[in-house]
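In what follows, a single structure is set out as structure tokens and then discussed.
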Amino acid sequence: MFTLPHKAKQLLVVTAKLLIVGGAFYFIYDRIAQNDGLDWSQLTKVLTGPQSYTIAAVILLLSFLNRFIEIVKWQNLVSPFKKITLGQSTEQVLASLTAGMFTPNGIGEYAAKALYYKKDQAKNIIFLNLVCNGAQLVIAVLAGLIGLLAFNNTYRVVPKTLLIIIIAGIAGLIVVVFASRKIAIRGYSIQKFFENINNLPKNVNRKNLALALCRYLSIMHQHYFIFLLFGITLPYPTMLAAIMGVYFLGSSLPTFQFLDFAVRGSLAVFFFGLMGVNEWIVVFAATLQWLLNIVIPVALGSYYVFKFKTNKI
């Protein structure tokens, strides 16, 4: 079998790292440069308001918690078969986030995390990443539906017929999944997937769900506090319902990490426009959250991408 010389492999690895990091920063710059709705001078004015620094500190804290909880989640899920430190978990989470920036819904994260482990552990790592993201998705769907129903009860943003279709579609999908759980494709089935979840220690599963809920709440409330920073003081339940609805609908659409703020931002403009919130504030809030939760972690992850070695742990 043909094998590449060692130096050729090193060159390919370096090239791949440069493409990942260079591409990530190009897309970040491109998204910001083309966004005409941003006026950074407005942010300076906002920060001079009363209690603005306190609110800004809360926003930064929630941004840190968002990624820190994800790092702890990953450390917890891997723990049954491989003990890793918080530092190792940080590297794997941030590097995989950077590598997955160009793939729909961050699919590239699965392959990136697997690279940190031996080849025979790859399937297990992909499975654990599914469990990690699956818990987050279930919470986002359930809470998002509640938020959408609550918001729709006041503003009728979604016609009742369409809302019934959405709920019926989700219910139908659950029925189809349950009915086809034993159907195996290349030895894999949904039933086997859930059996593997049940085989994980109960404390690991409980901790994963608890951390997923905490992370979801931190993301939702960060968006809420960003609106507070810009002087939007609408009722808390209505604001949270709108944010949850936007997050649910945005997560339902296949997209890329670097376009995430554009998709959710467009939905947010529509939702919050009904509540009388100025469009520039909505766009700025979505962009600021994207910068804090995607751009900064990707910048940190770039360091780990560059220092990545092919030695498996």
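The values are calculated or read from the model by the stated rules, or taken from the named source; none is laboratory data. As the structure is a prediction and not an experimental result, all values here were calculated from the model. So basically every Cβ, Gly included, is an ideal-geometry build from the backbone, and we count neighbours across all protein chains shown. Heavy atoms of the whole protein, side chains included, go into the accessibility calculation; ligands, DNA and RNA do not. Shrake-Rupley method; radii C 1.70, N 1.55, O 1.52, S 1.80 Å.
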Next item on the list: With a 1.4 Å probe and every protein chain kept in, tell me what percent of the accessible surface of region 125-183 is carbon plus sulfur.
Entry: 79 percent
Note to self: Expected output is a single nm value to one decimal: the length gained when fully extending between Phe193 and Trp280, i.e. 0.36 nm times separation in residues minus the C-alpha distance. What is it?
What the structure shows: 26.9 nm
Notebook entry, point to check: How large is the accessible surface per residue of region 131-175, computed with a 1.4 Å probe and reported in Å² as a whole number?
Noted result: 56 Å²
Notebook entry, point to check: Assuming R0 = 45 Å, what is the FRET efficiency of Leu291 and Ile164, from their Cβ-Cβ distance, to the nearest 0.05?
Noted result: 0.75
Checklist line | Tyr303/Arg156 FRET efficiency (R0 41 Å; Cβ-Cβ; nearest 0.05) | finding: 0.30
Margin query: Starting from the 7 Å offset along Cα-to-Cβ, what nm value, one decimal, do you get for the label separation of Ala210 and Tyr53?
Written below: 3.6 nm
Item checked: Backbone HN-Hα couplings from phi across region 147-161 [Karplus 6.51/-1.76/1.60, Hz, Gly and Pro as x] -> x, 5, 5, 5, 5, 5, 5, 9, 10, 6, 5, 10, x, 3, 4
